[in-house]
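Here the structure comes first, spelled out in structure tokens, and everything after it is commentary.
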Amino acid sequence: MPVQALMLVLPGRGKVRFARLYWRGMALILGLRLRVVGVVADTRPVLFVSNHSSWLDIIALGAVLPACFVAKGEVGRWPVVSWIARLGRTVFVSRDRRHVGREQAALRQRLAAGDNIILFPEGTTSDGNRVRPFAAAFLTLATATPQPVLQLVTIVYDELDGQPVRRADRAGIAWYGDMDLAPHFWGLARRGGLRATIWLDTPLPPAERGGRKALTMALEARIAENAAALRQGRLPEGGLS
């Protein structure tokens, strides 16, 4: 934390690189293996759109993607977690309509400054066996002007204790509903051989996006399709059209 605090006041991309190094260290400590299929978009800024099932997603995606997270405002009040999130330059949103304009402006400023952003348009975590409906409001940035590069990211936990993850296992890996964080953390820390597969789709050009509602439905369908394939031990085919 002191190193990242120093990086925040220094010029350059050190704060981005060190954050990824930090999350990779966390993954190593937890025994979380990462399999990445595809290539991170090399044009900035990038808006990464991902499914979301667990706090583990933050570690896994933070280790792979050079980007800032968007989190609900409550996270900014959690002990310790809020400090780490702020050092990682997380953008907090309240989801209060009175503040939507200001929060969207802050996100656009981040993109204009060259920062990449990770969005979870489900708005909350799932049980890992399905992708929840996407909220179109989360994808306002994808159709804003100028438009950022858009890349879909699908994350599925597919191995545990050296064996393929079963449907019943996913409810223990996912963190959702009213689960307490500490017991869930220690429960997973005692297990071994957990692997996350992260599928990176080909970046989507602005001309192929259409309106926000149509785009939301297309992204949700594509990530749901990707996640289903990964849960079945297959790699997704094709891309968004």
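Taken together, the values in this text are just the output of simple stated rules run on the coordinates, not laboratory data. Computed from a predicted structure; not experimentally measured. All Cβ positions, even for glycine, are placed from backbone atoms using ideal geometry, and neighbour counts span all protein chains on display.
A compact table of results
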read-out: Karplus-derived 3J(HN,Hα), 6.51/-1.76/1.60, for each residue of segment 49-57, Hz, glycine and proline x; value: 10, 9, 6, 8, 10, 7, 4, 4, 4
read-out: Computed magnitude of the charge dipole of the chain (debye, nearest 20; Cβ of K, R +1, Cβ of D, E -1); value: 460 debye
read-out: Sequence of Glu237, Glu159 once ranked by neighbouring C-beta atoms within 10 Å, starting from the fewest; value: Glu237, Glu159
read-out: Exposure proxy order (Cβ contacts within 10 Å, fewest to most) of Arg132, Arg166, Arg44; value: Arg166, Arg44, Arg132
read-out: Likely footprinting exposure, Tyr157, Tyr176, fewest C-beta neighbours within 10 Å first; value: Tyr176, Tyr157
read-out: Per-residue ³J(HN,Hα) for segment 33-40, Karplus 6.51 cos²θ - 1.76 cosθ + 1.60, θ = phi - 60°, Hz, x for Gly and Pro; value: 8, 10, 10, 10, 10, x, 10, 5
read-out: In Å, descending, principal axis extents of the Cα set of segment 156-208; value: 46, 28, 18
read-out: Theoretical ellipticity at 222 nm over the chain - DSSP helices of four or more residues, -39500 (n - 2.57) apiece, nearest 500; value: -11500 deg cm²/dmol
read-out: Charge sum, other residues only, whose C-beta stays under 14 Å from Gly187's C-beta, Lys/Arg counted +1 and Asp/Glu -1; value: 0
read-out: HN-Hα J in Hz across segment 213-230 - Karplus 6.51, -1.76, 1.60, θ = phi - 60°, x for Gly and Pro; value: 5, 5, 5, 4, 5, 5, 5, 4, 5, 5, 5, 4, 5, 4, 5, 4, 5, 5
read-out: Percent of beta bridges antiparallel (DSSP, the chain, rounded to nearest 5); value: 30 percent
